[in-house]
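What follows draws every value from the coordinates through simple rules; no lab data is involved. Please read all numbers here as calculations on a predicted model, not as lab measurements. Quick reminder, even Gly has a Cβ in these numbers, built from the backbone with ideal geometry, and neighbours come from all protein chains shown.
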Ligand code: CA
């Protein structure tokens, strides 16, 4: 799998390229937007939004206008606007600096799985999602574990679906609140805990959902 890293800072790009190569990815790195747009299309783009020659968001927009290549935008802590706009202009996901290689690789895999389905045209967003023995039928709103139905409430279902789409990667509490509860009100964080406790109970094994302190939640990758 070919990954294009668009990042001007050597201190970030060099170890990142090395790490991803060790993980078996074929890595190309460019340091500005012009070169990024001139590159042959990779299988995935890792795009820093602060580039010396162009706004990363414009690079994202332009890439998206001409192809379905999966794009993960890289933002710095606190640049919430960038992240939101990044997703609006067609990025598939984002990571916040500083990020760990393990988290990034999990996200790369999750995004490729999702966009791979999109590229093939058939297995769209409504297709069943499987994580090991756990299967989520989005059309029927039905969850089975080793073939046995697990009865979930609507919010538990939405939460599990969000985590399952990114199985193996940490999903931030902030994003869970935004996507499952349509709120960013931090006071409702306890609501997540209540639903997670209930989901763990229903799945019969607490290790399905890992709490990553201070970051968010991760569904075990099978
Ligand atoms: Ca930069």
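Post the alpha-carbon centroid distance, the range 166-180 to the range 6-70, in whole angstrom.
24
Determine the principal axes of the Cα atoms in the range 129-219, then give the extent along each, sorted from largest to smallest and rounded to whole angstroms.
For the range 129-219, the Cα spread along each principal axis is 36, 24, 20 Å.
What is the order of 59, 196, fewest Cβ neighbours within 10 Å to most?
196, 59
If you bin every alpha carbon distance in the range 59-121 into 10 Å steps from zero, what whole percent lands in each bin?
Per 10 Å bin, starting at zero, the Cα-Cα P(r) for the range 59-121 comes out as 22, 51, 26, 1 percent.
May I ask for the equivalent-ellipsoid semi-axes of the chain, computed as the square root of five times each C-alpha gyration tensor eigenvalue and listed largest first in whole Å?
Gyration-tensor ellipsoid for the chain: 32, 19, 16 Å.
Considering only DSSP beta bridges where both residues belong to the chain, give the percentage that are antiparallel (nearest 5).
Antiparallel bridges: around 50 percent, rounded to the nearest 5.
Counting every Cα pair in the range 2-120, what percent are over 22 Å apart?
23
According to a simple spin-label model (label point 7 Å from Cα along Cα-to-Cβ), what is the distance in nm between residue 84 and residue 190?
2.7
Relative contact order of the chain: what whole-number percent is it, with Cα pairs under 8 angstrom and at least 6 residues apart?
It rounds to 13 percent for the chain.
Points 7 angstrom from Cα along the Cβ direction at residue 220 and residue 155: gap in nanometres?
Roughly 2.5 nm, to one decimal.
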